[in-house]
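One structure is given here, and the rest of the page talks about it.
The values are calculated or read from the model by the stated rules, or taken from the named source; none is laboratory data. These numbers come from a predicted model, not from an experiment. Because the Cβ atoms are built from the backbone with ideal geometry, glycine has one as well, and the counts that use them run over all protein chains shown. Accessible surface areas use protein heavy atoms only, side chains included; no ligands, DNA or RNA. Shrake-Rupley method; radii C 1.70, N 1.55, O 1.52, S 1.80 Å.
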Amino acid sequence: MRARNDNGDTVVGLEIGTTKVVFMVAEQRDDADITVRALATHPTTGLRKGQVVDYESARTCLRETLHELEQNYSIPIHRLFLSLSGPHIQTSRNRGHVAVLNDDHEITEEEVRHVKQVAAAITLPEDRVVLHTIFGRYRIDDEQSVLRPEGMEGARLSADMLAVHGSQTHLRNLAKLVRDLDLECRATVFSGYASAAAVVRPEQKRSGVVVIDLGGGTTDYIAYASETIAAVGVLGVGGEHVTNDIAQAFGLTTREAEHIKLDHGSAWPERTTKAIELPRQYNRKRTVPLASLRTVIHARMEETFGLIRERLESEGILAHVGAGILLTGGGALLRDADVLAEKIFGKPCTVASPWRLHGEGMADRPELATVAGLVRFGLRNESDAGRRSGLFDWLRVVWAGDDEGVEQDDIFG
Amino acid sequence: MIFSADRRDYARQIKVAAIGGGACRALDRMLLRWPRPPCTVAVDTDDRSLDASRAAAHLPLGGRLTKGFGSGGDPRVGKLAAEESVAEWRSICADTDWMILLAALGGGTGTGAASTLARVAMSCGTRVTALATLPFDFEGNERMQRAQRGVRELHAACDAVIATSNSGLVTAAGVSEPATAAFAAADGAVGFMLTALCRMIQGQGLLTLDMPSLQRLLGGRAQPAAFGFGRAEGSGRAATALADLLACPLLADDHRLSHANGAWVGILAGDTVSFLEIETTLVELRAAMKPEATLLTGVYADESFGDEFNLAAVTTGARRKAEEPGLSQLDVSMPLSSAARRPSATEEQLKFDPPKKGRFNDVDPTIVGGEDLDIPTFIRRKIRFEAAR
């Protein structure tokens, strides 16, 4: 079935993030693990908070990254999977009901398909595009909550649906960037969803887990509870905000702030009299107190985690999270981010990197979670494409129904 | 000499926004007897209430969330609805110098949305004063608790909050029968206060009041403000009105003029008012107050008041100890609830003036819970630390 894939057995993932652009070419191994064939990253220009603000410079940046990739990987690429984030990503919920009209009231695949259709039929404003329709648990006669209703009996079947949707304008502009490179975008995936696919293990998903992807311009989160996706969200705050806070607090340039964040930053405040020496400017010696630096970073990180906690708590999800919190994305590399998250969520917290991902230098790289999740999606869906080629719709792929309903563990390889 | 082609350039742009059903109805009743009102905006989650409103502009909140059916008495819904409609609200606040928010607390929309809208207005550079009414005693404990929580949130979000109870308004107006008259009297009192404030600020009076002084008076934040009034006509009207004001049941306990730390008193009278009446009233008022208390005054004379002599007062009570613990710089506590987080306000306490967004200046702001998250957290939370050397 892989024959349909122009790139042979490989797929390409492209993450156009706020701080970096990443291309990843990967192929499936026989044991369902993934081997990375090539990787190219480049600092992004022309984007803020995941949205194109300067088209020309964004295009140049993508071209350069692609060029870099082609130097390491000689086979030309044609198609790719694109990730997407930004504060414009929102979710809507809907519940659909159907009557089970069979004589013996047995629920068949037909009813399940029908109830999914009903639940997925939501009306959104014209400028919104649905990225994923995610199905949660089913209910039979408004009582029993089940994961797979086929074969059970009941008079009425209900399905809960969570739609992830984004702004058409932002999607169009990202898609156009890809088209300008003469590449075809096979599907667009919400980056938080992709990251989760890369780092969550099946047993964690079963006990309930929250994945927080700390990106450059946005923080995405996705919560699994009761074996389904219970919440998805984006906060338009990321590592760039931490850098900007530092720059504003100590009167530094963004570059200097970024440097001291990487070298001395920590999410945990500390009482210390140490000071960081900065390169001389106008022949003046400059120092930043380490305790102050950490206070500034702590305030921002505490607020970010606090806002996510508030949202999850208000939906009653946190109580169903047994496996704790997974921090991923480049921001997870901030020292003691996990310690702070553990304190705020009151749950065990770990920094998670993509797993079952092989290749040189692929170990412990939380910042690659999104792109690794993209190729995982890609490999699974390209292999499905032979079966369901008609279902692939430009920019709007309703494959998530299968992912999250019946074959959900397949995402995890 | 500079001539302005448009006189409105000088006029202070004041807007009055009624948030929630209760406030919208109250505003309607006020507009019936308000000759030259400032720009009014009705804000609600309920389409029916907006359709019925006489306000100049209507802003439906959270159309996608509530579908125009109201908040069902849930402040959380009110808050979310406000967050959904932040962009529209921002455009209303854009050219406004002073926004007076009118909220009848205790329900869903007014209680939930007011503080969020106040924060957004503040972030637009608008001065925000909230005039909040607490529910009638008979409306029950739950509504009262919700309303009090609403007042606390407003305190954290506005320049000044003037809170008053509906029951007190009815008592003060001295009308309780029939019910319609009692409600009208309560609204009339709030409307009177609004009119008095607007006229003074707009500079239409003989003695006017500038916004910064009023803000200094009310802006102590931790100190709640209350309002009261006194009315009389005919002979000896000045003395009677003052006695009426001093005895006003709305100004109780800490807020009694004799106990207050600060007060603004406006005289609104017919154009027959004499200089002697004004002078005597102000001298006696000063004598009635504590010597160290601040007294700001305004005088407004207009033929529409006929023979009346009205006194309107806003008083701030005894300064309370700060109600919440300060955030020490190394305080590793759980995040404070949004109520306790203070947005940028009294700038003299900030290290940076005005709040800087640095590289996020030119992009769409990230507004969550009415706070602009692009502004560094340490600025919004007023966290102090040792600066760079």
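The range A:305-340 and the range B:366-389 have Cα centres lying 21 Å from one another.
Taking amide hydrogens as placed 1.01 Å from N in the peptide plane, the amide H of B:Thr366 sits under 5 Å from those of B:Leu373, B:Asp374, each at least 5 positions away in sequence or on another chain.
The label-point distance for A:Leu101 and B:Val283, in a model that sets each label 7 Å from Cα toward Cβ, rounds to 9.3 nm.
Selection among B:Thr116, B:Ala103, B:Cys198 by position relative to the dipole of the range B:13-202 gives B:Cys198 as farthest towards the positive end (Cβ unit charges, Cα centre). Here the dipole of chain A is about 1700 debye; that uses its Cα centre as origin and unit charges on the Cβ of Lys and Arg (positive) and Asp and Glu (negative).
Here the gap between A:Arg271 and A:Glu64, fully extended at 0.36 nm per residue and compared with their Cα-Cα distance, gives a gain of 70.1 nm. Compactness of chain A is given as radius of gyration and Dmax, 22.3, 89 Å, from Cα positions. Loop-located trypsin sites (Lys or Arg not before Pro) across the range A:255-354 with a Cβ neighbour count of 14 or fewer within 10 Å are A:Arg271, A:Lys274, with loop assigned by DSSP. Remark: the range A:85-96, residue by residue, has Karplus-estimated 3J(HN,Hα) of 8, x, x, 6, 6, 9, 10, 9, 10, 8, 10, x Hz, where x stands for each Gly or Pro and the curve is 6.51 cos²θ - 1.76 cosθ + 1.60 at θ = phi - 60°. FRET efficiency for the pair B:Arg384 and A:Asp364, taken as 1/(1 + (r/R0)^6) with r the Cβ-Cβ distance and R0 = 41 Å, rounds to 0.65.
The charge dipole of the range B:13-202, taken about its Cα centre with unit charges on the Cβ atoms of Lys, Arg (+1), Asp and Glu (-1) only, comes to about 220 debye. DSSP assigns beta bridges within the range A:201-351; of those with both partners inside it, close to 70 percent run antiparallel. Extending 7 Å from the Cα toward the beta-carbon at both B:Asp307 and A:Thr254 defines two label points whose distance is 7.2 nm. Length gained on full extension, A:Ile122 to A:Asn173, computed as 0.36 nm times the residue gap minus the Cα-Cα distance: 15.9 nm.
Considering the range B:217-316 at the alpha-carbon level, its Rg and Dmax are found to be 13.1, 41 Å. Ordering A:Leu235, A:Ala223, A:Ser292 by Cα displacement along the dipole of the range A:201-351 toward the positive end leaves A:Ser292 in first place; charges were set at the Cβ atoms of Lys, Arg (+1) and Asp, Glu (-1). Just to be sure I understand: with springs between alpha-carbon atoms less than 10 Å apart, which residue in A:Ile16, A:Ile107, A:Ile325 has the highest mean-square fluctuation in the Gaussian network model of chain A? Comparing A:Ile16, A:Ile107, A:Ile325 in a Gaussian network model of chain A, the most mobile one is A:Ile107.
Once you order the gyration tensor axes a ≥ b ≥ c over the Cα atoms, which shape class does the range B:13-202 get: rounded for a/c under 1.5, otherwise prolate or oblate by comparing a/b with b/c? Rounded.
Viscosity 1.306 mPa s, temperature 10 °C: what is the translational diffusion coefficient of the range A:278-345 from Stokes-Einstein with a Kirkwood Rh over Cα pairs, rounded to a whole number of µm²/s?
Details: Rh = 14.3 Å.
The estimated diffusion coefficient comes to 111 µm²/s.
As a length-normalised measure over Cα pairs under 8 Å and 6 or more apart, the relative contact order of chain A settles at 20 percent.
Across the range B:281-294, rounded Karplus estimates of 3J(HN,Hα) from the backbone phi angles (6.51 cos²θ - 1.76 cosθ + 1.60, θ = phi - 60°) give 4, 5, 5, 5, 4, 4, 5, 6, 9, 4, x, 8, 6, 7 Hz, Gly and Pro being marked x. Taking every protein chain into account, the 1.4 Å probe leaves B:Ile375 with about 20 Å² of accessible area, to the nearest ten. Whole-percent P(r), the range A:90-164, all Cα pairs, 5 Å bins from 0: 3, 18, 29, 21, 13, 9, 6, 2, 0. Measuring between alpha carbons in the structure, the pairs from A:Lys20/B:Lys67; A:Lys261/A:Lys343; A:Lys176/B:Lys67; A:Lys285/A:Lys343 lying more than 30 angstrom apart are A:Lys20/B:Lys67; A:Lys176/B:Lys67; A:Lys285/A:Lys343.
Less than 5 angstrom separates the built amide H of B:Asp302 from those of B:Ala269, B:Gly270, B:Asp271, all sequence-distant by 5 or more or on a different chain. Relative contact order for the range A:90-164: what percent, with Cα pairs under 8 Å and sequence separation of 6 or more? Result for the range A:90-164 is 47 percent. Considering only A:Ile134, A:Ser145, A:His105, the residue lying farthest towards the positive end of the dipole of the range A:90-164 is A:Ile134, judged by Cα position with unit charges set on Cβ. Once the 1.4 Å probe is applied to the protein heavy atoms, the range B:77-188 comes out at 34 Å² accessible per residue.
Taking label positions 7 Å along the Cα-Cβ direction at both A:Thr108 and A:Tyr55, the computed distance is 5.1 nm, reported to one decimal. Taking amide H positions as modeled 1.01 Å from N, with prolines and chain starts lacking one, the residues under 5 Å from B:Thr297 and 5 or more places away or on another chain are B:Val265.
For the pair B and A, how large is the buried accessible area, both sides, in square angstrom to the nearest 100, if the probe is 1.4 Å?
Summing both sides, the interface buries roughly 3500 Å².
For the range A:271-282, backbone phi angles converted through the Karplus equation (6.51, -1.76, 1.60; θ = phi - 60°) give residue-by-residue couplings of 8, 8, 9, 5, 9, 9, 8, 9, x, 4, 10, 6 Hz, Gly and Pro being listed as x. Computed over protein heavy atoms with a 1.4 Å probe, the carbon and sulfur contribution to the accessible area of chain A reaches 45%.
Accessible area per residue for chain A is 40 Å², calculated with a 1.4 Å probe on protein heavy atoms, without ligands, DNA or RNA. The calculated FRET efficiency for the pair A:Arg280 and B:Ala247, based on their C-beta separation and a Förster distance of 60 Å, comes to about 0.30.
Legend: translational diffusion of the range A:201-351 by Stokes-Einstein, Rh = Kirkwood radius over C-alpha pairs, 20 °C, 1.002 mPa s; D = 133 µm²/s. For chain A, a Gaussian network of Cα nodes joined below 10 Å ranks A:Gly13, A:Gly239, A:Gly265 by mean-square fluctuation, and the top entry is A:Gly265. Over the range B:217-316, accessible surface divided per residue gives 39 Å², non-protein components excluded, 1.4 Å probe. Look at the alpha carbon pairs under 8 Å that are at least 6 residues apart: their mean separation over the length of the range A:38-169 gives a relative contact order of 26 percent.
How would you classify the range A:161-259 from its alpha-carbon gyration tensor, with a ≥ b ≥ c the square roots of the eigenvalues: rounded for a/c under 1.5, else prolate if a/b is greater than b/c, otherwise oblate? Oblate, since a/c reaches 1.5 and b/c is not below a/b. For A:Glu64, A:Glu302, the ranking by accessible surface with the largest value first comes to A:Glu64, A:Glu302, using a 1.4 Å probe.
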